[in-house]
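So the structure is just underneath, and the comments pick up after that.
Please treat every number below as a calculation from the coordinates, not as lab data. None of these values were measured; they are calculated from a predicted model. Don't worry about glycine lacking a Cβ; one is built from the backbone with ideal geometry, like all the others, and counts go over all protein chains shown.
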Amino acid sequence: MDLGIAGKKALVCAASKGLGKGCALALAEDGVELVILARGKETLEAAAAEIRAKTGAKVATVACDITTPEGRKAALAACPEPDILVNNAGGPPPGDFREWEREAWIKALDANMLTPIELIRRTIDGMIRRRFGRIVNITSSAVKAPIDILGLSNGARSGLTGFVAGLARKTVKHNVTINNLLPGAMDTDRLNSTIAAMAKNRNLTLEAARAERAAAIPAGRFGTINEFGAACAFLCSQQASYVTGQNFLIDGGAYPGTF
Ligand code: NAD
């Protein structure tokens, strides 16, 4: 299917690997010009080279921490008028809420709520003027079904989700949509580090821990970054102009609810 977005400009955050990279690759396959960012320059440049080689797309890079004001300034200088914005950053650490002082909460809120809101604030009026905009926030299945050890994530991402639910209804008449993608267990470094911690705690081999975790998912496996990217590209398509304020789970059936 031609998504009708060839030649559009996208800013894809936290995209040197994992889910952000999956989104960048899928958009590039549809002819979108990219600015991708991540903190580490070397991995970022390698990702950009891979995407260029696979798709022939124009890919610029910004090595920055998107959760800082300087990082956002650099990202927006490189891509001042994105048609597509994919918000993403690393997730907060696990733990017990009794250990989290104000500083831990502010850090999680900065990364997973206030940074995406600030990037939306800085780019959405241009999208409205140009009568095209697609914003996709990478959140987590934790928004629908909280994960007990990830309280910082449950809280910060739910704050973003609530804010977006209101704003998305105001911009859709200008052909500017805002949706959230909710990953379940996707096969990335982030998932592998969580599984490595579980394997260590329970004295399992990494393979045994991976197999146990995958068996608990109705699909019987982890999701891929390509599957995730394809969903992102669809939400950014011309065809998705009537879809806004939605929370899409990509979790192999792990969420047990009917709705
Ligand atoms: P990953 O570790 O594979 O990749 C993270 C990417 O983000 C890397 O490119 C890294 O350089 C970049 N990054 C991290 N912090 C950044 C920052 N402050 N500024 C700029 N770049 C930054 O992780 P992933 O699995 O792709 O996860 C992406 C998001 O999705 C995270 O917030 C994660 O918590 C969330 N999530 C992932 C899963 C999963 O199963 N993979 C499930 C639920 C939620």
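Could you please find all residues in the range 186-196 being touching a residue at least 40 places away in the same chain (Cβ under 8 Å) and either away from the ligand (no atom under 12 Å from the Cβ) or in contact with a strand residue (DSSP E or B) (Cβ under 7 Å, 6 or more places away or on another chain) (or both)? Please lay out each step first, then the result.
Within the range 186-196, the first condition is being touching a residue at least 40 places away in the same chain (Cβ under 8 Å), and the residues that meet it are 186, 188-190, 194.
Correct list: 186 only.
Pull up the range 115-158, narrow it to residues that are among the polar types (S, T, N, Q) and not in a helix (DSSP H, G or I), then point me to the one that is nearest to residue 243 (Cα to Cα).
Residues of the range 115-158 that are among the polar types (S, T, N, Q), as a first pass: 115, 123, 137, 139-141, 153-154, 158.
Cutting the leftovers down to not in a helix (DSSP H, G or I) gives us 137, 139-140.
Working: 137: 14, 139: 17, 140: 19 Å.
Across the range 115-158, the extreme among qualifying residues is 137.
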Starting from the range 8-26, keep only residues that are in contact (Cβ under 8 Å) with a residue 24 or more places away in the chain and at positive phi, then list their pairs with residues that are of a type in the set (Asp, Glu) and within 12 Å of the ligand (Cβ to nearest atom) whose Cβ atoms are within a distance under 8 Å, requiring at least 6 positions of separation or different chains. 18/189
Mind checking which residues of the range 132-156 are away from the ligand (no atom under 12 Å from the Cβ) and basic (Lys, Arg)? 134
Given (1) out of contact with any Phe, Trp or Tyr (no Cβ under 7 Å at 6 or more places or on another chain); (2) assigned to a loop (DSSP other than H, G, I, E, B); (3) within 14 Å of the ligand (Cβ to nearest atom), number of the condition residue 112 does not satisfy: (2)
Condition (residue is more than 21 Å from the chain's Cα centre (by Cα), under 27 Å from residue 47 (Cβ atoms) and within 13 Å of the ligand (Cβ to nearest atom)) applied to the range 205-213: is it met by at least one residue? yes
Considering (1) farther than 21 Å from residue 188 by Cα; (2) of a type in the set (S, T, N, Q); (3) surrounded by 19 or more Cβ atoms within 10 Å (Cβ to Cβ), say which one residue 68 fails and leave the rest. (3)
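Only one of these is more than 11 Å from the ligand (Cβ to nearest atom) and in a strand (DSSP E or B): 177, 161. Name it. Spell out how you get there, then give the answer.
Numbers: 161 fails: in a strand (DSSP E or B).
Checking each option against the conditions leaves just 177.
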